[in-house]
Each structure stands twice: as C-alpha cells, then as structure tokens.
Amino acid sequence: MGLTFSVILLFISSSVQPASPRINYLLYCSGCHRVTGEGKPPNVPTLHDELGRMLSVPEMRSYLVRIPGATQAPLSDAELADVVNWLLQEFNADTLPADFQNLSAEEVTEARKNALMDPIKYRTKYWKSYED
Ligand code: HEC
C-alpha cells in the first residue's frame, strides 16, 4: 500500500469516528452554555454543580435530556446521552449522588418522546425555581 493511500485511508477512518462528547458539547451546547459551562445567567443557566444535586430527585434525571436545548440538538440518542454524562462528570463531579449511573441511550430515547414545553415549570415543580 502506497503512503498516500494509507494517509487517505487514515483520514477517512478517523473522520467517520463519532465525535467525542466534548466536541458535541462544543458544537451544540457551548453557544449558549459557554465553553466552560457557566452559561450566561439569568438567561442561560450554568451547568455546574446544581445538575448533580437535582439528580437526588428521580424526576430530574429525564429532565436533563427533555430540556429543549438538549432534546432538539441534532444528536442521536446515544450521542446526547454521552454529552450529558460527560457534562455531569466534567461540571458536577462533586455534587453527583454516590450511586449515580450514566444515562443510557434507551433512557434518552424514551425521554425525548416527552420533550418539555415548559421546562421551568417542570423544574420548579420537582426541584426548585432558578431563583431559589
Ligand atoms: C439556544 C441556546 C441553548 C442551547 C444551544 C442549549 N441550551 Fe441548554 N438551556 C438553555 C436555556 C435558555 C435553558 C433554561 C431553560 C429553558 O428555557 O429551556 C437551558 C437549560 C438547560 C439545562 C437545565 C439547567 C437547569 O439548571 O435546570 C440543561 C441540563 C441543559 N440546558 C443542557 C443543554 C445541553 C446538553 C445542550 C446541548 C446538547 C444545550 N443545553 C443546548 C439554552 C440552550
């Protein structure tokens, strides 16, 4: 195999790899939540710390992927699960419940069937409002 051919093959095989969760976060979430995840309060919430805390409430697990910005991203269910699992570890490691299990692609498929029309109302009902 010639060198040029090997290089082309390498290029093709690396470009069909699924994007890493970090890259998908940068592409589809960071425009609003910023590269470092701190958002632009009060309009765009931070993704640091509180997501880990809210996971103590079972209803808040699916919330993370039923939120419009997440659920409508052009990502597969498996990719969205990876992005959210990534940002939980990256930005919420200190607040995640000790028994936290990663979201699965199947869970995300189910959750996406029920996108939240009014995420703030849901959040306030099962967890707390942004102001509390
Ligand atoms: C167009 C801007 C925008 C994009 C893009 C976006 N979000 Fe959001 N996100 C928001 C806003 C605004 C809220 C507050 C709730 C609402 O109004 O939807 C929010 C809320 C959230 C929340 C809940 C935070 C809390 O404290 O309740 C999570 C989790 C979240 N987004 C994750 C994501 C993920 C993951 C992505 C990328 C796949 C993403 N968002 C992309 C704007 C965005």
If I filter region 27-48 down to residues being assigned to a helix (DSSP H, G or I) and closer than 17 Å to Asn92 by Cα, which single residue comes out as nearest to the ligand (Cβ to nearest atom)?
His33
Which count do you get for residues in region 49-62 that are within 9 Å of the ligand (Cβ to nearest atom) and either surrounded by fewer than 16 Cβ atoms within 10 Å (Cβ to Cβ) or closer than 15 Å to Val83 by Cβ (or both)?
1
Give me the helices (runs of 4 or more DSSP H) completely within region 66-132, filtered to those with at least 1 residues that are over 26 Å from Asn43 (Cβ atoms) and under 15 Å from the mean Cα position of the chain (by Cα), ordered by residue number.
77-92, 105-112
Taking the conditions exactly as written (surrounded by fewer than 18 Cβ atoms within 10 Å (Cβ to Cβ) and either without any contact (Cβ under 8 Å) to a residue 12 or more places away in the chain or more than 9 Å from the ligand (Cβ to nearest atom) (or both)), does Ala105 satisfy them or not?
yes
Here are the criteria: (1) surrounded by fewer than 16 Cβ atoms within 10 Å (Cβ to Cβ); (2) within 6 Å of the ligand (Cβ to nearest atom). Tell me which single one Ile23 does not satisfy.
(2)
In region 108-132, residues that are surrounded by 19 or more Cβ atoms within 10 Å (Cβ to Cβ) and at pLDDT below 95 total 0
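The values are calculated or read from the model by the stated rules, or taken from the named source; none is laboratory data. Values in this document were obtained by computation on a predicted structure and should not be read as measured data. Here Cβ is always computed from backbone atoms with ideal geometry, including for glycine, and neighbour counts include all displayed protein chains.
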